[in-house]
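Input: a single structure, listed below in structure tokens.
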Amino acid sequence: MTPESPDLDGLCKLFPTPPPSTTVFASVAAEYADLADEYGPRNVLVLKRHPAGLESLTESLAAADRQPGEGPRSPRVESLPEHASKTIEEYDPTLNRLEYEERIELISLVIDGASRSVPAYLQRAAAHESFARDVGQLLLAATRQRIRLDDHDDLHDCLAFLYAMNDRFHAELDDRGYVERADVIPQAVERLEADADGLRTRVTSSFDAVLAVEFEEYRRLDRRYLAALTRDADLVCLGERHASVERTRVEPGRIDDIATDAGLTVETLEPEAVRDGDTDTEPPHQPIARFLATGTSPDRSADIGNGAGSPNADSTDGDPPAADSVDADPAGTHSSETDSRGRARRIRTGTTREQLRAVATEIQSLRDRHVWSYDEFAVAVPRIERVPETRRRLRDAGVPTATIGTPSLAEDPAVNELYAVVTCQCERERDGNGLERMDPADPARDSSDPQAASLDRLRARVPEFSPDLLAETAGSSVRRSLERWIRQTDLKGRIAREEAWVDAREQYEGVRRVLEIAGFVEETDLIGPDWQGLRRMLRRTIQYDAPYVHAVETRPPTGGVTVCAVDDLKYDSRKAVFLLDLIDETYPGEQFLTQLFPTAWLRAMPAYPAVTNPSLESIADTFATVDVRKTTASSSAAQQNATRSADAAGIGDPFETYHAQRSRRRLALGARAAERALYCCSYERGAGGLRRSYDESRYLQLIDATPGLELEDVDAAADAAIHGETNALEALLAQPRGELERVLREASTGGEADLGETEALFEEIAVVLEDGDIDPELAEAVRSQFEFAAGEVVRND
């Protein structure tokens, strides 16, 4: 084999189809228990490709079967990037990993100082808000795959420029003793394969066996790392067919073929072999998850053209789920006649806001019926950027959320306060008395001026603020000056008193990031170690920072509903899972890979760090849901037929079909994370003045049209059952206006309104207001609603 092709020696056990997450955990635990019994728990290294779900996996392995008299196990579980990072540190402890904020600054300086002319297209694209992040993501992908300018001939001029900048960027890192996180695995592969300074012996001496989990997502360099790591250790790989989303972004092909080509012995791991006790019944929605992943439905076996390892619809697809009233029927409305069908529930609302209100109501309803804790729910959004808004709206509806991460710095109040401090300190350096001359009561003052706006922010946030406080906390070190500000103004104490626990954790993280940036400014020679240098770097970081680009913790100790990207559910499970935004513009979507280049350009960019020009054969080989035989002889006709088709089986445009199938898999993996109830949620109209209409995802339409699969609509109407305190309060406040509108509507159409019903309702509300133990502010709000409905002027006390 060539040096680029890893030579692995061991077993690769694959599930024929993605099973429920609980089955995956049970399988990994069983394999780990066997290896731990043979080699000892501390001599078995478990490597998972991605960090998401690592905690759940560790808990599952710790509870694996133990020998009689054996104490608790502490499994060695690490993500592949984490282990590679430790390998690099073992080789050279003096290497510094480049932080996210530092990368933004350094690569910006490299591009600003480039002698190579910038292509005209990139100059125009730079005006778009997402340009910097899109370029950053492209360069990260190129780094992970070790793509260099010299490796390619006849590059598109834009790619040639960007790859040249990336090569120069990494030359700068080498000179400064930094290693970029995206370059950790490539560098670790080089060091291990060369056994530099006996590195491989030192790293591998602490284990005798490696259990590689999530093997379907191991990319070429990942497999090379695994090969170098296991030359003298037993290797067992566990994976799933029809489950790769991230690997298939950059390389097509079935995991069977990839494992075989690498030298592994492939075995099929049947789910029945790892089920334990009462868990041998699948959830009612599992046929839907299996259909999304493989195209196999309960009533018919789809012709998936996938050869060996294809799912067999006759094996388990037709087995009915258990008759347990909660497992088989979370809503309590199904009869035994429908138990053999794949079932999920559908929430279809008018707007995104109504979608989240309906989700909140359903969560409260399930809690009331089944006494489930908030920890047992997950709400999955298509992109991590949707997490902050989703979490906020759920909490506004009375549903506590548990997701912790780092939102966009621009949205962090504590970060904005510190940025205001930095801005004011810059003004003090420039003009020592400039801040004192800014009178907040001066009508001629320009409130949009950065210094004036910063002073206003500090006056609003800090009790008894004055410019003297800035002078008291300023010093020669920008980091220590910020630390003094934090102590003297009790910033962390204010956060703890004024913010919810989850928000406080996030703002503490934001403060930490600002202090790290200040420390970097003092240590680097990229920019001046002063307030001006810190302000420049902070401004650039805030401008280019994306929400939740850093680690997100979804199981904090306080509990609450998990809100996360759908990809993070692959190795996780909850009693109920809500998949949001299932519209065709999201699943599969209209723009794949990047916003940086038009799709037509991507198809003609073979050097782009992703699959851009797949063949029909590679598409059919990679995705069981695609049948190449359905492609017509006319390419243009096939493209027209596939453009908006609800049936994704035909291949139209190869690029769009390939990546649409990846999106379909994401849905399948999110669906299988539900243990008892799956909800598919969508909306009809967007927000804003245009109120754009959205079609339901083609995959939901396909489920609807498939025999043996069923989507049951959840009543999201205004008169549906009310669950939760917030919903009850909103319903109460809406009663006066609602009753008035009902009476007027009847009168305008010549009908007769039943005023007795209205009087009875209002009398009941009046009794509650007079005799009930309710908050005075709530009572006043209800009375105000009656005044509004009566056309009276609202009191302004």
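What follows draws every value from the coordinates through simple rules; no lab data is involved. Model, not experiment: these values are computed from the prediction. Neighbour counts run over all protein chains shown; Cβ positions are idealised from the backbone, glycine included.
Once a ≥ b ≥ c are taken as the square roots of the eigenvalues of the Cα gyration tensor of segment 55-154, is the result rounded (a/c under 1.5), prolate (a/b larger than b/c) or oblate (a/b not larger than b/c)?
Prolate is the answer for segment 55-154, as a/c is 1.5 or above and a/b outweighs b/c.
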Other-chain or far-sequence residues with amide H under 5 Å of residue 282's (modelled H): 322
Sequence neighbours fewer than 8 away in the same chain don't count; with that in mind, list the lysines whose C-alpha is under 19 Å from residue 86. 48
Residue 212 long-range amide H proximity, modeled H, under 5 Å: 47, 236, 237, 238
Between residue 499 and residue 197, what is the label-point separation in nm under the 7 Å Cα-to-beta-carbon projection? 4.0 nm
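For residue 97 and residue 232, what does the FRET efficiency come to when R0 = 35 Å and r is the distance between their Cβ atoms, rounded to the nearest 0.05? Before the final figure, lay out the partial values.
Details: r = 28 Å, r/R0 = 0.81.
The computed FRET efficiency comes out at 0.80.
Give the relative contact order (percent, whole number) for segment 409-544; include only Cα pairs under 8 Å separated by 6+ residues. Don't skip to the answer; put the middle values down first.
Details: 120 pairs, mean separation 41.9, N = 136.
The normalised contact order for segment 409-544 reaches 31 percent.
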Would segment 451-503 count as rounded, prolate or oblate if I go by the C-alpha gyration tensor, calling it rounded below 1.5 in a/c and otherwise prolate when a/b exceeds b/c, oblate otherwise? oblate
Pairwise label distance in nanometres, residue 38 with residue 460, each label 7 Å out on the Cα-Cβ vector: 6.4 nm
Just check segment 158-228 against the gyration tensor rule for me: Cα atoms, a ≥ b ≥ c as the square roots of the eigenvalues, rounded for a/c under 1.5, and otherwise prolate or oblate depending on whether a/b exceeds b/c. oblate
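Which whole-number percentage describes the relative contact order of segment 96-176, with Cα contacts under 8 Å and a sequence gap of 6 or more? Spell out each step's value before the answer.
Working: 32 pairs, mean separation 30.8, N = 81.
Across segment 96-176, relative contact order equals 38 percent.
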For a protection proxy built on the mean count of beta-carbon atoms within 10 angstrom, sort 608-616, 569-577 highest first, please. 569-577, 608-616
Filtering GluC sites (Glu not before Pro) in segment 574-625 by DSSP loop and by at most 13 other Cβ atoms within 10 Å leaves 590
Can you give the extra length, in nm with one decimal, that the chain gains between residue 175 and residue 114 once fully stretched, where that is 0.36 nm per residue apart less the Cα-Cα distance? 20.2 nm
